[in-house]
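Novice: Before I ask anything, here is the structure I am working with.
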Amino acid sequence: MTDKLNDPVAMWQKMMGEMEKGFNSFANEAMSSPEFSQAMNRAGGVAAGAQKQLGELMEKYLVAMNLASRQQVMGLAERLQSIEAQIGEMRSMLSQMAANSGISQGGAGAPRPPRTKRPPSENGERT
Amino acid sequence: MNAATGLDFASIPERIQTEVQRAIQRSIKGVEYFSTSGPTLGSTPKDVLHSRGTMSLYHYRPMSDEIYRVPVLIVMATTNRGYILDLVPGQSFIEFLLRRGYDVYMLDWSAPRPEEKSLRMEDYVLDFIPDCVRRVQADSGEQDVSVIGYCFGGVLSLLYGSIHKDGPMKNLICFTTPIDFREMKLLSNFSDRRYFDVDHLVDSVGNVPPEMILSSFEMLRPASRTVSQIQLWENIWNDEFVKSYRMFDRWATDTLPLAGEYFRTITKDLMWDNKLFNDSMSVGGRAAKLENIKVPILHAVAEHDHIVPYDAAKHLIAKIGSEDKEEVMLKGGHVSLVAGANAVKRLWPKLDSWLGKRST
């Protein structure tokens, strides 16, 4: 049997683990300073502003190209989702009706098990 | 074994042979990795009971001949998808609960659409959760409902429970739920009010992009992604390792955007003013004090949680008004506490033994 202490693969894995811990710890210390927060948020603020301007520019471009605007596509998506939700509710209602009338169809409308389960007994047996 | 060097020379040829075989397997499996998709996740049979914008309510089909009287509603964290609790058969928390006789529902989230940027904390706590609870009651025919909240789903469940103190929540289980946000040291520093202009961010982008949420989490352990990719390459010959890697990696990177107004409240009320911990939190003008919660509660925390450190979660049980309350600390991290081989052995049986006797 290979001794773990002398197994090069095990040694490599251990080294990677130690390096990961060490780097994470070092980075966490560096990131906990107010200076880091300031620098990070300055960069983030610029990126958010740029994203907003780019979005507005794209809207204008799409209008000029006579393409559907984002808002129009989102409107269509919303209507589609609303239709899907209504179909889901209708399916659920039909399943309930089928279950109430005793029609077995599997899935959502299948009869539910009785709510009579008791917790396992003290000796570990499951009921 | 050579006494002087400690090396077992007899095993070297065998070891070389193994490593050569693994190297060949790595090349073959490496190609397979990029040409195939990962395992199908979240496949436990379920029905969509209700869907409205970012919110979906699922009911999982029972898997036992009789079930406990009290149904269970799982409230997922708003940053991530619920399939972490339903990975694959044999590693699915949902499947475990179903086989143990629970009637399981899940409140899961999809990415809020741009128009949903105005969703507020009130919408989550005073509308989405109560709406789902009502639908669970109607579907199950039971008035009592047990609630399980994971991470920020736990925070939402606490807010819901503290406002709806007269029921119908019968039991509350929180997994890795922070209440003292000052103790989430790095995230707290990233959102330092002196430098983080949350109003500018939300007003600029609407919903907070998932990349920002993901990078905030990844920055907590910046070396871990690189190391995990090296580990994947080392173990790519091992199908089980690869399957597990793909499941967790897919979930971890499948982060959701957060509704802008909701994020603004989280930042100002929780990260900056720590209102939940200070008993000054309110949602829609209704006080949300943890002492109002009187139902039995179990709080499961992870020993090596880097996202919600123990210090951020440890005061929950003390601040809850219940007499029947318990905290359990288990080995593992923020995710391995609830999913994967660690959870199968530790958290799931613990939860079953705690909840079963409170579900009749």
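The values are calculated or read from the model by the stated rules, or taken from the named source; none is laboratory data. This one's a predicted model, so the numbers in the text were calculated from it and none came from an experiment. Neighbour counts are summed over all protein chains in view; Cβ atoms, including those assigned to glycine, are modelled from backbone coordinates with ideal geometry.
Novice: Among the residues of the range B:344-360, which ones are over 24 Å from B:Gly332 (Cα atoms) and of a type outside the set (S, T, N, Q)?
Specialist: B:Lys357, B:Arg358
Novice: Could you tell me whether B:Ser11 is more than 30 Å from B:Leu159 (Cβ to Cβ), within 13 Å of chain A (Cβ to nearest Cβ), of a type in the set (S, T, N, Q) and not in a helix (DSSP H, G or I)?
Specialist: Numbers: more than 30 Å from B:Leu159 (Cβ to Cβ): yes; within 13 Å of chain A (Cβ to nearest Cβ): yes; of a type in the set (S, T, N, Q): yes; not in a helix (DSSP H, G or I): no.
Taking the combined requirement at face value, the residue does not satisfy it.
Novice: Being at the interface with chain B (Cβ under 10 Å from one of its Cβ atoms) and either outside any helix (DSSP H, G or I) or at pLDDT 70 or above (or both) is the filter here; which residues of the range A:97-110 pass it?
Specialist: A:Gly106, A:Ala110
Okay, residues lined up against (1) of a type in the set (Lys, Arg); (2) within 11 Å of another protein chain (Cβ to nearest Cβ):
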position	(1), (2)
B:Gly141	no, yes
B:Val155	no, no
B:Pro168	no, no
B:Pro178	no, no
B:Arg182	yes, no
B:Asp192	no, yes
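Novice: Please work out which residue is surrounded by the fewest Cβ atoms within 10 Å (Cβ to Cβ), limiting yourself to the range B:45-55 and to residues that are more than 18 Å from the chain's Cα centre (by Cα) and closer than 29 Å to B:Tyr245 by Cα.
Specialist: Ranking the candidates gives B:Pro45 first.
Novice: Could you tell me how many of the residues in the range B:62-78 are without any contact (Cβ under 8 Å) to a residue 60 or more places away in the chain and either more than 8 Å from chain A (Cβ to nearest Cβ) or under 17 Å from B:Gly161 (Cα atoms) (or both)?
Specialist: Residues flagged as without any contact (Cβ under 8 Å) to a residue 60 or more places away in the chain and either more than 8 Å from chain A (Cβ to nearest Cβ) or under 17 Å from B:Gly161 (Cα atoms) (or both) within the range B:62-78 amount to 1.
Novice: Sticking with this one: Look through the range B:24-46, keep the residues that are within 14 Å of chain A (Cβ to nearest Cβ) and at pLDDT 75 or above, and return whichever of them is nearest to B:Cys132 (Cα to Cα).
Specialist: Narrowing the range B:24-46 to residues within 14 Å of chain A (Cβ to nearest Cβ): B:26, B:44-46.
Next, from what is left, pick out any that are at pLDDT 75 or above: B:44-46.
Working: B:Thr44: 20, B:Pro45: 19, B:Lys46: 16 Å.
So the residue we want is B:Lys46.
Novice: Return the pair list, or none, for Cβ contacts closer than 6 Å from residues in the range A:61-85 that are within 29 Å of B:Tyr58 (Cα to Cα) to residues that are modelled with pLDDT of 75 or more, at least 6 apart or on different chains.
Specialist: From residues that are within 29 Å of B:Tyr58 (Cα to Cα), the pairs are A:Ala85/B:Ser51.
Novice: If I ask for residues that are in a helix (DSSP H, G or I) and touching a strand residue (DSSP E or B) at 6+ places or on another chain (Cβ under 6 Å), which ones from the range B:195-222 would you list?
Specialist: Result: B:Pro210, B:Ile213, B:Leu214.
Novice: Something else about it: With (1) outside any helix (DSSP H, G or I); (2) more than 19 Å from A:Phe36 (Cβ to Cβ); (3) of a type outside the set (A, V, I, L, M, F, W, C) as the list, and B:Gly161 as the residue in question, which single condition is left unmet?
Specialist: Exception for B:Gly161: condition (1).
Novice: Next question. Only one of B:Ala343, B:Ala318, B:Ala339 is assigned to a helix (DSSP H, G or I) and touching a residue at least 40 places away in the same chain (Cβ under 8 Å); which?
Specialist: Details: B:Ala318 fails: touching a residue at least 40 places away in the same chain (Cβ under 8 Å); B:Ala339 fails: assigned to a helix (DSSP H, G or I).
The unique qualifying residue is B:Ala343.
Novice: From B:Leu49, B:Leu85, which residue is modelled with pLDDT under 95 and within 10 Å of chain A (Cβ to nearest Cβ)?
Specialist: Being modelled with pLDDT under 95 and within 10 Å of chain A (Cβ to nearest Cβ) holds for just one of B:Leu49, B:Leu85, which is B:Leu49.
Novice: Out of curiosity, is B:His299 within 23 Å of B:Leu187 (Cα to Cα) and at pLDDT 95 or above?
Specialist: Yes: the conditions hold for B:His299.
Novice: Could you please let me know if B:Pro130 is closer than 30 Å to A:Pro113 by Cα, at pLDDT 95 or above and surrounded by fewer than 19 Cβ atoms within 10 Å (Cβ to Cβ)? Walk me through it before giving the result.
Specialist: Numbers: closer than 30 Å to A:Pro113 by Cα: yes; at pLDDT 95 or above: yes; surrounded by fewer than 19 Cβ atoms within 10 Å (Cβ to Cβ): yes.
Criteria met by B:Pro130.
Novice: Consider the range A:17-43. How many of its residues are more than 13 Å from B:Tyr195 (Cα to Cα), part of a helix (DSSP H, G or I) and not acidic (Asp, Glu)?
Specialist: 12
Novice: Can I ask one more? Could you say whether any residue in the range B:79-95 is among the hydroxyl-bearing types (Ser, Thr, Tyr), assigned to a loop (DSSP other than H, G, I, E, B) and surrounded by 22 or more Cβ atoms within 10 Å (Cβ to Cβ)?
Specialist: Yes: the range B:79-95 contains one or more residues that are among the hydroxyl-bearing types (Ser, Thr, Tyr), assigned to a loop (DSSP other than H, G, I, E, B) and surrounded by 22 or more Cβ atoms within 10 Å (Cβ to Cβ).
Novice: Which residues, taken from the range B:52-61, are farther than 30 Å from B:Met212 by Cβ and more than 9 Å from chain A (Cβ to nearest Cβ)?
Specialist: B:Tyr60
Novice: Further question on the same structure: Which condition number does B:Asp192 fail, the rest of (1) in contact (Cβ under 8 Å) with a residue 12 or more places away in the chain; (2) not in a helix (DSSP H, G or I) being met?
Specialist: Status for B:Asp192: all satisfied but (1).
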